[in-house]
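Accompanying notes for the structure given below.
Read the figures in this text as sums done on the coordinates, not as results from a lab. These figures come from a predicted structure and were not determined experimentally. Note that we place each Cβ from the backbone using ideal geometry, even for glycine, and neighbour counts take in every protein chain shown.
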Amino acid sequence: MGYIIVIIITIVLSIVVMSGCKKDDEHTNTKPYNSQTVEPVRIKDIEITREKISKKLANLKAPLKREQIITAMCYAVAAPPKTAEYICPECGYKTQYSYDASESNTGNRYNTITTIAWEIDTCRRYIEMINQTEISLDESQFCSHCSPEINEPKLVLVIEYPDLKYRYENIQSADLELILDFLTGKELDDENQPIYDKKKHLSELLGIEPEGKK
């Protein structure tokens, strides 16, 4: 009789353990996807010379078929803060910005604060994704220690070609996204618009003379 009880207890314990393992497996298999673990796509093996970039621009093809894209524009834009602090990545100096609607330079200060609040971090991420030592972002105009004479600071794209150091002032995150799309060989941007249609603007951003001009 005692053996039978031991056997029954053993069977019950085995069922409980197997059931627990199954639940653990199910829990593991249904683990939520963590997008933060995905590395951004980076550009590799691209020679940043004016000749190579010019050739790549010339090779842009117009789409064979165009589709009309209708996008909804019904959204509200959040108001930027009235103050912003810029911490220089080069010297560590902190520059405080604020604006008052009654001041004459409200527009300039407004643009500066919106750039600090919304643009700089996005631009930095795009530069990191482009991942080319020849292409960098110059933020020094926003630092009152590095650039005390600047009243209207702007972000500057710097491209160091072998024969030329090109600077494009007032670069925006949308511009850097376009450059990233172009260098990675995309034919359409995120709004499904052809990169080919932005060829002239790309030439300006990259400091490459448009095809046909000397």
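Over 23 Å between Cα atoms: which of 82/198; 55/154; 56/198 fall into that group?
Result: 82/198; 55/154 exceed 23 Å.
Which length gain, in nm to one decimal place, applies between residue 164 and residue 129 when the Cα-Cα distance is subtracted from 0.36 nm times their residue separation?
Separation in residues times 0.36 nm, less the Cα-Cα distance, equals 10.3 nm.
With each label point set 7 Å from Cα along the Cα-Cβ vector, what nm distance links residue 52 and residue 91?
Inter-label distance under the simple model: 3.5 nm.
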